[in-house]
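Worksheet: one structure, shown below.
The values are calculated or read from the model by the stated rules, or taken from the named source; none is laboratory data. The shown structure was predicted, so the numbers you read here are calculated from the model rather than taken from an experiment. Note: ideal-geometry Cβ built from the backbone for every residue, glycine included; neighbour counts use all protein chains shown.
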Amino acid sequence: MTDLIQASLKELSSALAQKKISSVELTTLFLDRIEQHNPTLNAFVTVDRDKTLAAAQAADAKIGAGGMKCPAAGTAELSPLCGIPLAHKDIFCADGWRTTCGSKMLANFIAPYSAHVVDQLNAAGMVMLGKCNMDEFAMGSSNESSFFGPVKNPWDTGCVPGGSSGGSAAAIAARLAPAATGTDTGGSIRQPAALCGLTGLKPTYGVVSRYGMIAFASSLDQGGPMAKSAEDCALLLNAMAGFDPRDSTSLERPAEDYARDLDKPLDGLRIGLPREFFGAGMDDGVRVAVEVALAEYRKLGATTVDIDLPNSSLSVPAYYVIAPAEASSNLSRFDGVRYGHRAPDYTDLNDMYAKSRAQGFGDEVKRRILIGTYVLSHGYYDAYYLKAQKIRRLIAADFQVAFKSCDVIMGPTAPSVAFRFGEKSADPVQMYLSDIYTIAVNLAGLPGMSIPCGFDRDLPVGLQIVGPWFGEARMLNVAHRYQQATDWHTRMPEAMK
Ligand code: GLN
């Protein structure tokens with residue numbers, strides 16, 4: 001039992017191929033764990049046992065048709081992911097499934113089609129376990145803003161799991177799912193991965209299609225994998241990435257095998273350490289864990305070099321102009337007319353719009369819509385929105401200069417380990433600062449990941465790895481070699497065993 005919940009995707013893949021276990025059996029194991037632990041954790045908002053088991057049966061039929069060929073070895077046409085269960089963040093539309101985006105606005109919305117990512121993972125034969133809780137419309141860093149209530153961190157249920165992909169993170173950390181999807185606009189894959197002791201990857205902007213992924217800030221949003229290890233993330237990204245003509249920002253590039261370089265030695269790797277990421281503001285326990293991880297990298301053959309990202313202190317203020325501006329425009333579609341919540345009582349059309357939006361959206365979403373509308377308004381556009389766009393360009397240029405002297409950049413993912421419920425929710429600026437190390441990466445469109453690198457006060461610490469555009473394979477290699485030498489990524493919360 002513990003073997004299967006701790007197994008890597010590759011191990012699950014060969015167990016399925018060798019018929020040691022069927023997808024129905026494996027899926028049932030995880031569905032039972034969800035039933036047991038979800039009442040405490042609140043990681044899933046929708047589970048549909050029958051639908052999930054039907055998908056598992058279909059996967060078993062595919063595996064059966066594949067004979068005894070071992071897909072993990074890459075010899076069969078069958079995807080190595082066939083028959084493996086996974087959970088989706090509830091921001092991804094899935095045909096026939098309720099898709100809420102953590103909001104009352106969409107609490108009863110049944111998606112009439114699937115996101116590209118969901119289609120791709122279904123086509124690979126992965127079995128969807130259900131939809132994971134999240135901050136409302138992906139706005140938050142603690143999962144306290146969900147209409148469906150907060151998600152608990154499996155490492156300490158008095159603490160937040162991070163956000164906005166907190167349900168996905170809690171589900172994997174508690175071993176209710178072997179892997180999950182997430183989305184990252186300013187840190188929402190990496191920060192919850194850090195706070196829950198997982199590996200999470202935000203790809204280069206445009207690598208994963210945003211079709212069917214409910215939009216928050218379109219120029220920043222990017223879907224990506226969350227799992228226990230870098231190797232698992234590589235296999236998932238292989239299925240998630242790729243050109244999709246339905247997303248105008250999807251990049252048309254030749255397909256890549258993101259697992260191709262996993263085992264490459266790290267000799268000669270140059271790691272850039274931004275001075276700005278190692279200054280004040282980070283907890284001592286986080287600093288110690290990150291420094292020990294860097295020492296491990298030096299043992300593995302890497303060298304470290306100090307670099308500067310001089311405009312990075314402007315990333316949070318620039319983000320909180322750009323992201324709300326885009327959100328205010330994206331969320332204007334929720335007007336109570338075509339789908340989503342409609343106020344039961346109203347006097348005329350304007351009143352219906354106003355009441356539906358007032359009732360359907362929570363406080364944080366309203367705050368963002370107000371900020372976004374303000375910074376885009378005629379009198380303030382130049383002072384705020386245009387200025388923020390200029391800063392965004394400077395931040396991207398800083399990274400380009402930095403990557404001349406290093407191959408990857410490392411630092412903490414978040415300034416602290418998981419914090420307690422209520423600790424930051426009363427002060428939005430404190431909450432926004434949780435993403436101080438992650439946001440610049442989104443503004444620059446770069447790939448970023450978080451891997452577990454130790455503990456502070458018995459809670460997991462995340463190490464962030466940032467690469468140049470399309471550096472995913474290299475970053476996964478850098479993460480994988482570390483995970484071969486350490487076992488942080490295999491740790492699971494005692495209470496979930
Ligand atoms: N915490 C950030 C925000 O609230 C980032 C969220 C995200 O990446 N979706 O905007």
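Things worth noting here:
- Considering the conditions (1) surrounded by fewer than 17 Cβ atoms within 10 Å (Cβ to Cβ); (2) at pLDDT 95 or above, GLY83 is excluded by exactly one of them, (1).
- Residue tally, condition within 16 Å of the ligand (Cβ to nearest atom), of a type in the set (A, V, I, L, M, F, W, C) and surrounded by 19 or more Cβ atoms within 10 Å (Cβ to Cβ), over segment 396-445: 10
- Among the residues of segment 342-354, those that are of a type in the set (D, E, K, R) and more than 32 Å from the chain's Cα centre (by Cα) comprise ASP345, ASP348, ASP351.
- Selected residue [of a type in the set (Gly, Ala, Ser), at pLDDT 95 or above, assigned to a loop (DSSP other than H, G, I, E, B) and away from the ligand (no atom under 16 Å from the Cβ)] from ALA234, ALA259, ALA239: ALA259
- Of all residues in segment 30-56 being among the hydroxyl-bearing types (Ser, Thr, Tyr) and part of a helix (DSSP H, G or I), the one that is surrounded by the most Cβ atoms within 10 Å (Cβ to Cβ): THR52
- The residue list GLY268, GLY279, GLY285 contains one member that is at pLDDT 95 or above, loosely packed, with under 14 Cβ neighbours inside 10 Å and of a type outside the set (D, E, K, R), which is GLY268.
- Residue match in segment 332-355 (condition: touching a residue at least 24 places away in the same chain (Cβ under 8 Å), in a helix (DSSP H, G or I) and surrounded by 21 or more Cβ atoms within 10 Å (Cβ to Cβ)): no
- Residues in segment 10-29 that are of a type in the set (Gly, Ala, Ser) and part of a loop (DSSP other than H, G, I, E, B): SER22 alone.
- First in segment 250-274 and closer than 23 Å to PRO412 by Cα and touching a residue at least 24 places away in the same chain (Cβ under 8 Å), second anywhere and of a type in the set (Val, Ile, Thr) and outside any strand (DSSP E or B), Cβ under 8 Å, 6 or more apart: LEU266/VAL478; LEU269/VAL478
- One residue stands out in segment 297-331 among those that are surrounded by fewer than 18 Cβ atoms within 10 Å (Cβ to Cβ) and of a type in the set (D, E, K, R): the one that is nearest to the ligand (Cβ to nearest atom), namely ASP308.
- Residues that are free of Cβ contacts under 8 Å to residues at least 24 places away in the same chain and outside any loop (DSSP other than H, G, I, E, B), drawn from segment 402-431: VAL429, GLN430
- Annotation for segment 366-375: no member residue is in a loop (DSSP other than H, G, I, E, B), within 16 Å of the ligand (Cβ to nearest atom) and either at pLDDT 95 or above or buried (at least 18 other Cβ atoms within 10 Å of the Cβ) (or both).
- Counting the residues of segment 454-466 that are among the hydrophobic types (A, V, I, L, M, F, W, C), farther than 13 Å from MET282 by Cβ, away from the ligand (no atom under 16 Å from the Cβ) and crowded, with 24+ Cβ neighbours inside 10 Å gives 1.
- Any hit, segment 129-139, residues being touching a Pro at 6+ places or on another chain (Cβ under 8 Å), modelled with pLDDT of 95 or more, among the polar types (S, T, N, Q) and crowded, with 24+ Cβ neighbours inside 10 Å: no
- Segment 262-282, residues that are among the acidic types (Asp, Glu), assigned to a loop (DSSP other than H, G, I, E, B) and out of contact with any Lys or Arg (no Cβ under 9 Å at 6 or more places or on another chain): ASP267
- Top-ranked residue in segment 475-497 [being part of a helix (DSSP H, G or I) and surrounded by fewer than 19 Cβ atoms within 10 Å (Cβ to Cβ); ranked as nearest to the chain's Cα centre (by Cα)]: THR490
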